[in-house]
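Everything on this sheet refers to the single structure shown next.
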Amino acid sequence: MSYPKLIVDYEILKNNVKALVNLCNSKGIQVAGVTKVFCGHPEIAKAYVDGGVSFLADSRIENLERLKNLNVPKIMLRLPMISEAEKVVEFADISLNSEIETIKALSEKALGKNLVHKIVLMVDLGDLREGYYKEEDLFEAVEEVLKLEGVQLIGLGTNLTCYGGVIPSMDHIDRLNRLKREIEERFSIELEILSGGNSSSIHLLADHDLEGINNLRLGESLVLGTESAYGEQVEGTRNDAFRIQAQIIEVKEKPSVPTGEIGRDAFGKVPTFVDRGVRKRILCAIGKQDIDLETLYPVDKGVIILGGSSDHLILDGTDSEIDYKVGDIIEFTMHYVSLLRAMTSEYIKKEVIY
Ligand SMILES: *Cc1c(COP(=O)(O)O)cnc(C)c1O
């Protein structure tokens, strides 16, 4: 056994996916399973496919390349770099776009490979990350895209919450529908995809049908079961499909306040301390390089996270019913940022359990 280890429970993950796919399909919405939080790990993505997603989607073309043997259409989520246009048309069937220069590069590379690459144009409805903000610019882009032979315009999309924190509302959905109708009428075309958002749109499904929206790109809600507008657990899902195991390297009784003058810690901040007296302190061999302390949760509720440095995690085990010893393993669940970091850390072994 080697540690730290990230355990991925295939059945829990697949069941989360099924719950979200059923919810979305019942409203005429197909799910694009977003794999970026687990770096496009193919064994993990298999649970998405087995759970019924219609597409696999990722921000990084390297990840889509890793997924090439899974037989589901792939979507490139982040606006492609012109420098990666050739790889994008090779490993993605569809890409989200907002710059005509990039789309021209994609068209050219697609033609070179005898392909037609599918384009979804992104609309910025106010979150201020990617997408056309002015409607006239969007219409102009449509006109340009329709002239290109290597690409096919298949729809519109929007992304909310990720940057600006804007919570999706029915106003956003209505605006996207209106833009789609206007483009269809002006250019006499049909747009097959209206991609309404990410895990922050799930809360709308409780009371609405999201008329017109037929695609959602879901990451967080599949892996953790949480909708991301309010952080609620979606019915029928669990938050423990991914768990971290770390090994204890020291257990000692120590005071809770350091001795001496306090300067900056390893991350440049001046730390503060709560004096709880002498406590049982536990060191684990994992650190901020591998996880984010704010989004890491001990499964044993008697354990408190005190802090850490790049490669140490410091816990208070005084109130636990378990008498932890050096060499023992402590398990944690995580939220998005910790999971992202843990998957990216090459020091953490990943193991899918079935
Ligand atoms: C990351 C991302 C998603 C998925 O977001 P979640 O909140 O994890 O569901 C969807 N669309 C785009 C464009 C993204 O970058």
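Annotations for the structure displayed:
- Efficiency of FRET between Arg129 and Gln233 - r from beta-carbon atoms, R0 25 angstrom, step 0.05: 0.45
- Per-pair calculated FRET efficiency, R0 = 56 Å: Ser188 and Asp265 via Cβ, rounded to 0.05: 0.35
- Its residue count N fixes a reference of 2.2 N^0.38 Å for region 10-223, and the Cα radius of gyration divided by that reference is 0.96.
- In region 1-95, one over the average inverse separation of all distinct C-alpha pairs is 13.9 Å, which is the Kirkwood hydrodynamic radius.
- Sorted by Cβ density within 10 Å, fewest first, the residues Phe91, Phe242, Phe273: Phe273, Phe91, Phe242
- Hydrodynamic radius of region 136-253 by the Kirkwood approach over all distinct alpha-carbon pairs: 16.9 Å.
- Modelled spin-label separation between Met170 and Lys325, with each label point placed 7 Å from Cα along the Cα-to-Cβ direction: 6.2 nm.
- Gap separating the Cα centres of region 1-66 and region 311-351, nearest whole Å: 23
- In this label model, Val352 and Glu140 are separated by 4.6 nm, measuring between points 7 Å along each Cα→Cβ vector.
- Between Lys280 and Lys301, the simple spin-label model (points 7 angstrom out along Cα→Cβ) gives 1.8 nm.
- Convex hull volume of the C-alpha atoms in region 238-354, normalised per residue: 120 Å³.
- Exceeding the 19 Å Cα-Cα cut-off - candidates Lys301/Lys325; Lys14/Lys36; Lys254/Lys301; Lys254/Lys288: Lys254/Lys301; Lys254/Lys288
- Ordered by the number of other Cβ atoms lying within 10 Å of each residue's own Cβ, fewest first, Tyr3, Tyr132 fall into the sequence Tyr3, Tyr132.
- Residue exposure sequence - Met76, Met334 - by fewest surrounding Cβ within 10 Å: Met334, Met76
FYI, it's all coordinate maths here, none of it is from the lab. Note that this is a predicted model, so its numbers are computed, not measured. Here Cβ is always computed from backbone atoms with ideal geometry, including for glycine, and neighbour counts include all displayed protein chains.
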